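The structure appears below as structure tokens.
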Amino acid sequence: MRDLLDFTGKTVLVTGGSTGIGNGIARAFRDHGAKLIITASRERAAYDTDMDGMDYHQVDIADDDAMRAFAAQVSSLDVLVNSVGTVVYKRKEFQMPTFRHVVDVNLNGVMHACVLFHDKLLATKGNIVNIASVASFRPTRGNPAYSASKGGLALLTKSLADAWGPEGIRVNGLAPGFVATKITAVSYDNPEINEGIVNTTPLRRWGTPEEMGQVALFLASDMASFMTGHTIPVDGGQSL
């Protein structure tokens with residue numbers, strides 16, 4: 001069983017791998033032997049997370065030209081994890097420039113990454129793991145762009161799995177629930193909101209980036225070799 005989770009000799013790219021869920025996923029693959037490439041939108045010095053042994057690239061996934069230039073530098077790829085994502089609070093997603101930006105990052109940018117790395121994944125019979133959200137299955141109040149983009153990502157996962165399955169490329173996703181990260185601190189640090197989340201989660205707690213990494217490892221490994229097109233909720237049972 002351990003051998004099935006051994007990524008020694010494999011190259012894994014995690015977009016948005018500098019913080020939060022993306023960093024938890026990147027560390028999981030690194031600790032299981034993978035060669036890690038990660039991207040983020042700011043300079044490396046802006047982050048205080050564990051990126052030891054990872055090949056860091058500053059690139060905006062919503063910038064098509066920058067993504068094309070970055071993809072050209074990657075010689076081989078076995079696993080693409082699309083973890084990059086954004087959300088804007090205080091009802092700003094009802095403003096069209098903000099709505100477009102969130103969709104460009106969360107959905108259009110992911111599609112572009114998948115297309116750019118398709119041929120490299122084809123050469124290795126690799127696979128893709130898209131990081132969706134429980135918002136892929138239900139609306140998030142006050143965040144129409146986030147909900148729409150994550151809902152679209154779950155269907156994009158199905159569409160690409162259907163299109164690329166005959167080529168040997170698997171495409172799956174995981175949908176985190178409430179995970180304690182910097183981006184969710186606005187809710188985690190609010191006692192009233194925190195209590196409401198915990199009380200509506202059967203496991204009565206928040207998830208961790210490390211737990212998301214464990215599921216990503218499974219989806220990318222040969223343990224899931226006959227699985228494609230599915231997005232698994234990893235939410236402590238909250239979506240029940």
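The values are calculated or read from the model by the stated rules, or taken from the named source; none is laboratory data. Just so it is clear, the structure is predicted and the values come from calculations on it, not from any experiment. Cβ sites come from the backbone with ideal geometry, for glycine too, and all protein chains shown count toward neighbours.
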Being touching a strand residue (DSSP E or B) at 6+ places or on another chain (Cβ under 7 Å), of a type in the set (A, V, I, L, M, F, W, C) and in contact (Cβ under 8 Å) with a residue 40 or more places away in the chain narrows it down to one residue among Phe99, Phe117, Phe94; which is it?
Phe117
Could you look through the range 5-53, keep only residues that are surrounded by fewer than 20 Cβ atoms within 10 Å (Cβ to Cβ) and in a helix (DSSP H, G or I), and pick out the one that is modelled with the lowest pLDDT?
Ala45
Val74 meets each of (1) in a helix (DSSP H, G or I); (2) buried (at least 16 other Cβ atoms within 10 Å of the Cβ) with one exception, condition (1)
Any chance Asp222 is in contact (Cβ under 8 Å) with a residue 60 or more places away in the chain, charged (D, E, K, R), out of contact with any Gly (no Cβ under 7 Å at 6 or more places or on another chain) and under 22 Å from His118 (Cα atoms)
yes
Regarding Leu107, is this residue surrounded by 15 or more Cβ atoms within 10 Å (Cβ to Cβ) and either in contact (Cβ under 8 Å) with a residue 40 or more places away in the chain or within 15 Å of Gly17 (Cβ to Cβ) (or both)?
yes
Check Gly168, Gly196, Gly173 and return the single one that is over 20 Å from the mean Cα position of the chain (by Cα) and closer than 20 Å to Ala113 by Cβ.
Gly168
Considering only residues that are closer than 30 Å to Lys125 by Cα, of a type in the set (Ser, Thr, Tyr) and surrounded by 14 or more Cβ atoms within 10 Å (Cβ to Cβ), which ones fall in the range 221-240?
Ser221, Thr228, Thr231
Output the helices (runs of 4 or more DSSP H) that fall wholly within the range 113-202 and possess 1 or more residues being basic (Lys, Arg), or say none.
118-124, 144-164
